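Questions regarding the structure given below will be posed in turn.
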Amino acid sequence: MKKILPVDLARQYKQIEQEVNEAVLEVLSSGKYINGPVVSKFEEDFANYNDVLSTISCASGTDALYLALQSLKIGPGDEVITSSLTFIATGEVITRNGATPVFVDIDAETFNCNIDLVEAAITERTKAIIPVHLYGHAVDMHRVMDIAKRYGLYVIEDCAQATGAKWQGQRVGSFGDLGCFSFFPTKNLGGCGDGGAVTTNNADLAKFIRMLKEHGSVQRYCHEEIGLNSRLDAVQAAILRVKLTYLDQWNENRRSIAQSYHRLLEHIPGIALPQDISGNGHVWNQYTIRVLKGSRDQLKEDLEKKNISSMIYYPIPLHLQPVYRNLGYRLGDIPLSEATANEVLSLPMFPDLSLEEQEKVAQVLKELMI
């Protein structure tokens, strides 16, 4: 069998090749490559999909988070609470805006932030919470919003890995003041390059973010704020419009694949399988096991030798990253995130992964673990 990739983007493209090519060629022939009608149509489509008032597209998921914090005037002297087990962008944007990230530990079942610890971390300097819907598993947003309301805090949802996920039937990105999405190619809704978006039901915030991402300008060459250049180009918007029509089916495929993995892996010793708790509309951007016996890194290497690629999300929790030494965290301060970072291994997961490929993954895992 040929190598099994963590994500096979070429296989997905082959499925929708004609539609994507036609959409891209239409943009190229139009001569309207920045902003324009295709970008506006995608923003409208994505807002409708998530049942929100507005979508503001931008250049990346990182920019989406940065713009969200900037629009809320979060900066020096402010604290923002988020999970330690996430990609650097979540913490990075807090620091870039001049605020201080406050990292909390995760919940053992979901890999998401432990909401009890979120409440315990609130101080008089806390301005916002950034819940991260990690691996496609929605955070309990009812609890997060209740805490935010009681303490007068903003909520910015990090939905980078969870486009299409739901909590109790409602899409992520529609609960908080702002929702932030990534369209990096490996995401559930991924382009053929970088891209991102902010969603909101607040018309004033939408207008402000739209200005910020255009160099702080509404009228050309007249700049009201210090902003940045962060635009989703029309070619990416055209591709994303095509892919959005397939997203729900692809997410259903991911759920079916996750169920197959559950069945195939449940009796293999030395690993713990990911959970899908009640009320959560998991979209399985990743299928992440925990390796409880032996070396996770050695297992990854051994799988690679058998033509099975896997990924580690993430090997170093944010509070232990070199860039955050100044915050004073020490090994042992956030124990579950630290232990999990040494155990997690994401197996191949994409909508077109075949049962035969899953069976091969399971067979090799069993041979290596027994």
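The values are calculated or read from the model by the stated rules, or taken from the named source; none is laboratory data. Keep in mind the model is a prediction, meaning the values are calculated, not measured. All Cβ positions, glycine included, derive from the backbone under ideal geometry; neighbour counts span all protein chains shown. What goes into the accessible areas is simple: the full protein's heavy atoms, side chains included, and nothing from ligands, DNA or RNA. Shrake-Rupley method; radii C 1.70, N 1.55, O 1.52, S 1.80 Å.
Taking the range 186-218, which residues are over 26 Å from LYS243 (Cβ atoms) and in a strand (DSSP E or B)?
SER217, VAL218 - these are the residues of the range 186-218 that are over 26 Å from LYS243 (Cβ atoms) and in a strand (DSSP E or B).
State which residue pairs qualify: first residue among the polar types (S, T, N, Q) and inside the range 262-283, second residue open to solvent by 70 Å² or more (accessible area, probe 1.4 Å) and part of a loop (DSSP other than H, G, I, E, B) in any location, beta carbons under 6 Å apart, and separation of 6 or more residues or different chains.
GLN275/GLU109
Continuing with the same structure: Which of the residues that make up the range 269-294 are of a type in the set (Val, Ile, Thr) and either out of contact with any strand residue (DSSP E or B) (no Cβ under 8 Å at 6 or more places or on another chain) or open to solvent by 10 Å² or more (accessible area, probe 1.4 Å) (or both)?
Within the range 269-294, ILE271, ILE277, VAL283 meet the criteria.
Here is a yes/no grid of residues against (1) part of a loop (DSSP other than H, G, I, E, B); (2) open to solvent by less than 50 Å² (accessible area, probe 1.4 Å):
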{"position": "HIS267", "(1), (2)": "yes, no"}
{"position": "LYS300", "(1), (2)": "no, no"}
{"position": "LEU303", "(1), (2)": "no, yes"}
{"position": "SER337", "(1), (2)": "no, yes"}
{"position": "THR340", "(1), (2)": "no, yes"}
{"position": "GLU357", "(1), (2)": "no, yes"}
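Working only within the range 278-299, note down all residues that are under 23 Å from the mean Cα position of the chain (by Cα) and of a type in the set (D, E, K, R).
Matches in the range 278-299: ARG290 only.
Just to be sure I understand the filter: pairs with C-beta atoms under 6 Å, separated by 6 or more residues or on different chains, first member in the range 34-63 and under 24 Å from THR90 (Cβ atoms) and part of a strand (DSSP E or B), second member of a type in the set (D, E, K, R) and open to solvent by less than 30 Å² (accessible area, probe 1.4 Å). Which pairs pass?
THR55/GLU43; SER57/GLU43; CYS58/LYS213
Going by the structure shown, is ARG330 assigned to a loop (DSSP other than H, G, I, E, B), open to solvent by 60 Å² or more (accessible area, probe 1.4 Å), modelled with pLDDT of 95 or more and charged (D, E, K, R)?
Spelling it out, ARG330 is indeed assigned to a loop (DSSP other than H, G, I, E, B), open to solvent by 60 Å² or more (accessible area, probe 1.4 Å), modelled with pLDDT of 95 or more and charged (D, E, K, R).
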